[in-house]
Each structure stands twice: as C-alpha cells, then as structure tokens.
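This report concerns only the one structure given below.
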Amino acid sequence: MSGSFISFEGIDGAGKSTHIAALSAAFQAQGRVVTLTREPGGTALAEQLRTLVLNDAMDAMTEALLVFAARRDHIVRVIAPALARDEVVLCDRFTDATFAYQGGGRGFDWDMLAILERWVQGQGAAPVLQPELTIWFDLPPAVAAARLVSARVPDKFEAQPRAFFEQVAAAYARRCDADRARFARINAHQTPEQVWADVLAAVRQRNLLP
Ligand code: TYD
C-alpha cells in the first residue's frame, strides 16, 4: 500500500470537522485523490452499525465488537483499496476512538481491545494497518461541553456526563504516549486559525504536503 492514511481524533466538541474538510481541499490542490471517510461508518454496512452504536443501549463488549466489525468492513472495502490506489485517506476517527470511548469511557478491557486491533487491522503477513499520522484535537472536557450545549440534539455519547469525557481524554493521552511518532497532539483550545496552522504544520512535518 502506498497512499497516505491520516486519522482525526478528539472528544465530542473538539472541532475536527472543519479542519478535515480544509485538509482534504489542501491535498486536492496538490493533485491528490482524497477519500474522505469516517468511523464508525464509511460503508453501507458500517453506517448501519454506526446507527446502532450511536443510538441503542448495549454493554461495552457488544459496543466494542460492533465498532470493530464496522472497521473491518471499512478497511476491506474502502481504506485498503484506496491506499493501494495511492490515494489520501482522511478518516474522521479510527481505532484510537475505540480505546478512548469503549476503553476509557466505558471501561472495557484495554488488552482485549489490543487483541481485536491486531486481528481486525491485520493484513496477513503485512504489519497491522495504522494511520501514518493521527491528529488529536486535544480540548479540556469542560470546554468541549460548553461548545456542545448550543449544538444539535446529542447522540448517546454526546449525552454522557463530564466524568465520561475525562476518561475518554485520559485514554487518548495514553494512546498518544504509547505512539508518539504517529500522534500529533494539537491544542484545540485556540482560535480556528491557530488550530489550522498547527494541523498544517503536523502534516508538513511528515512531508505529506509541501
Ligand atoms: P462523531 O465522530 O463525533 O461524529 P458526529 O460529528 O457526526 O457526531 O461521532 C461518533 C461517535 O462515536 C463519537 O461520540 C465517538 C463514538 N465512537 C466510539 O464510541 N467508538 C469508536 O470506535 C468510534 C470510531 C467512535
């Protein structure tokens, strides 16, 4: 596989969306073909699983298995083929969100998630598929909560209390510490212009954009 795979992470309200769209435009301006996608989701099957995960009550293991099932379908049908075509894959959330939300937020077993990660992202003899860059929009949960108050009707996760997001944020920090080379931790508590400058710098630092 020869394309570029970038994921975007952060707690709800961290403000990923505008920057993902802007980055997509920046790659396209360089003549790259961009596959813009999201998790859970990105295929017809995975989008159905997303609806279940975001709306239905279920135990943490069921939730973890459903997001990994969605991820498997997404990798096989969309991500791996796009990378093989040398495209840029921009994915709004990937496996770090499972460690953060199901592992941190819901308290599901971290080692079990690591096993599922190896199985689901395994590609035969090839190494486990991971983004080459993960942009983490790091925002204090209190600030994110204030931003979300004025937003739309909350889904299952957005409706969780502050303590849940403190655990999600801590789990993102744990994933970041474990893989510093892959992560770019960006302070999302700045103006959108400053955040964008940091996003561009992280992408350029890895020579993904000139
Ligand atoms: P989000 O990415 O915030 O999309 P939108 O901007 O449309 O709300 O919503 C996805 C939600 O799913 C978010 O609350 C995090 C959660 N999630 C998990 O719990 N586990 C996962 O593995 C992934 C990818 C997402």
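The values are calculated or read from the model by the stated rules, or taken from the named source; none is laboratory data. All values derive from a computational prediction rather than experimental measurement. Cβ coordinates were reconstructed from backbone atoms using ideal geometry, including for glycine residues, and neighbour counts include every protein chain displayed. Side chains included, ligands, DNA and RNA excluded: accessible areas come from the protein's heavy atoms. Shrake-Rupley method; radii C 1.70, N 1.55, O 1.52, S 1.80 Å.
Take the range 98-136 and flag every residue that is outside any helix (DSSP H, G or I), aliphatic (A, V, I, L, M) and within 14 Å of the ligand (Cβ to nearest atom).
Across the range 98-136, the qualifying residue is only I135.
Which of the residues spanning the range 1-51 are more than 10 Å from the ligand (Cβ to nearest atom) and open to solvent by 70 Å² or more (accessible area, probe 1.4 Å)?
M1, S2, T18, Q28, A29, Q30, V33, L36, A44, L45, Q48, T51
Provide a single number: the residues in the range 144-154 that are surrounded by 14 or more Cβ atoms within 10 Å (Cβ to Cβ) and more than 22 Å from A21 (Cα to Cα). Spell out the reasoning first.
The first filter runs over the range 144-154 and keeps only residues surrounded by 14 or more Cβ atoms within 10 Å (Cβ to Cβ), leaving 144-145, 147-148.
If we keep only those that are more than 22 Å from A21 (Cα to Cα) as well, we get 145.
Within the range 144-154, residues that are surrounded by 14 or more Cβ atoms within 10 Å (Cβ to Cβ) and more than 22 Å from A21 (Cα to Cα) number 1.
May I ask you to verify whether L66 is part of a helix (DSSP H, G or I), open to solvent by less than 60 Å² (accessible area, probe 1.4 Å) and closer than 20 Å to R206 by Cα?
Against the criterion (part of a helix (DSSP H, G or I), open to solvent by less than 60 Å² (accessible area, probe 1.4 Å) and closer than 20 Å to R206 by Cα), L66 does not qualify.
Does L116 satisfy the criteria of being at pLDDT 95 or above, surrounded by 15 or more Cβ atoms within 10 Å (Cβ to Cβ) and closer than 24 Å to L49 by Cβ?
The answer is yes for L116.
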